1. Can you tell me which of (1) modelled with pLDDT of 85 or more; (2) in a helix (DSSP H, G or I) is the one Gly71 doesn't meet?
2. State all residues of segment 399-409 that are crowded, with 20+ Cβ neighbours inside 10 Å and out of contact with any Gly (no Cβ under 7 Å at 6 or more places or on another chain); if no residue qualifies, say none.
3. Would you confirm whether or not segment 74-94 contains a residue that is modelled with pLDDT under 85, crowded, with 24+ Cβ neighbours inside 10 Å and either touching a Pro at 6+ places or on another chain (Cβ under 6 Å) or in a helix (DSSP H, G or I) (or both)?
4. Take the residues in segment 307-356 that are of a type in the set (Val, Ile, Thr) and under 13 Å from Val149 (Cβ atoms); name whichever of them is surrounded by the fewest Cβ atoms within 10 Å (Cβ to Cβ).
5. Return the pairs, sorted by first residue and then second, in which the second residue is of a type in the set (Lys, Arg) and assigned to a helix (DSSP H, G or I), the first residue lies in segment 276-295 and is closer than 10 Å to Met338 by Cα, the beta carbons are less than 6 Å apart, and the residues are 6+ apart or on different chains.
6. Residues in segment 100-111: is at least one in a helix (DSSP H, G or I), free of Cβ contacts under 8 Å to residues at least 40 places away in the same chain, in contact with a Gly (Cβ under 9 Å, 6 or more places away or on another chain) and farther than 21 Å from Leu66 by Cα?
7. What do you reckon, is Phe188 in contact with a His (Cβ under 9 Å, 6 or more places away or on another chain) and farther than 16 Å from Ala98 by Cβ?
8. Please tell me if Leu252 is in contact (Cβ under 8 Å) with a residue 60 or more places away in the chain and either over 22 Å from Ala148 (Cα atoms) or in a loop (DSSP other than H, G, I, E, B) (or both).
Amino acid sequence: MLSPVQADEADPRMQFRWYLGGVGAWFASFGLQSVVTTYLLTTVLHEPASLIGLAQFLMNLPAVFLLLIGGAIADHFDNRRLMIVLHSLAALPAALLALTVALGWLEYDRVVAYGLGMGTITAFMMPAREAMLGRVIVRDGDGAVQRAVTNTLGVQFMAQMIGMAVTLSARFAGVATLLALQAVIQLFGAFSASHLAPAPGRGASEKHSMRMHAWRIVEGVREVGRSSTLLPITIVTFSIGILLIGSFMVILPVIMREEYGGTVVQFALLQLAFWSGSISASLSIARLGNIAARGRLVTLALVIGGGTLMLFAVPTPLPLFYFIVFVWGTGAGLMISMARTIVQENAPPAHLARVMSVYQLGFTGGMPIGAITLGYVVHMVGARNAALVPGAAMMLVLALLLVTTELWRIRSPDESARRELESLAPAD
């Protein structure tokens, strides 16, 4: 007779559910973290924009150096074991920062140290989790990958919103309690990962060496560079990391502090408005089903992202500010859902983790560059005027990609195959 864990390992649908449990735990923790760290830096420590940008730069820096290595390791080692270890390790920085806040020892460098620890763990978790997704997808017909990605994003967004909503209780529970809760959530993620089937690396028989890891990284970059589909998507994600996510981490928090007060509730509502828009877009894509013209939807998402960002240059009442953030979030939801689907479908299965790590580097590698750059832009021209710079730059990048790449013509593999068959069919 099978044990409960063995029964789960034998059931593909239960495997996907346990995978979603781990995703939910990670992103609930991330949602809580994103509000708390922004609040601590911006309002509690009252750091200037340049130091907020520097902190975000340092906290996201591990991704620049470690994410591609994380992709190579995820291709080589058991993804299930990696996820268990990484979830368990992620509980440690949260627990230590909770103790620091509770004892009144909070300082700028301690928040940065916490962020560096979480950033390092994240650089290894992201490619391992993405590679595991390819193993737990229930392939039950056309559009299976898009459905799995959309469902995963739905759980991701919902979990982030729950984590952010929990921070609304900070006035009563205290920040230290919230950070302790974050540690517990990560331990639940380790429990969920323990119910997944073993997922040995694709190259488990290859010799363990840094030279081999370096070769895998180079191969991932080459796979992206020679693909007319993966290359423009990777350029787009890198631009978003620098211009749009960088703005979200620096420009919006400074506007919130300087014009609206910058309470922990306001920061939580800022995050909730953004991710509500993202969830709405993700659910809309799920209802539409298999979308053929994927490049055109990515283009629409970038127009929303760049255009809406420039609206932040105009002073508005706080409710309207939240509404603009919501619209901005819909563009993010469209972009993230379609981009991940495109990469999952077009990456070679044997190199999926390393290709996904290159894709993820677009977001996480661009973020520190955008954070530190935009921090100084805010320092020079003010937060409102600074919003015009990344918004206009994003529109310029989009225009160049539409002219020089196949971005506009990217379609689903099913639709591309159908069109190819129709072109080969004899005319009546």
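1. Here Gly71 meets the rest and fails (1).
2. Leu401
3. yes
4. Ile336
5. Gly295/Arg409
6. no
7. The answer is yes for Phe188.
8. Taking the combined requirement at face value, the residue satisfies it.
The values are calculated or read from the model by the stated rules, or taken from the named source; none is laboratory data. Because the structure is a prediction, the values reported are computed rather than measured. Here Cβ is always computed from backbone atoms with ideal geometry, including for glycine, and neighbour counts include all displayed protein chains.
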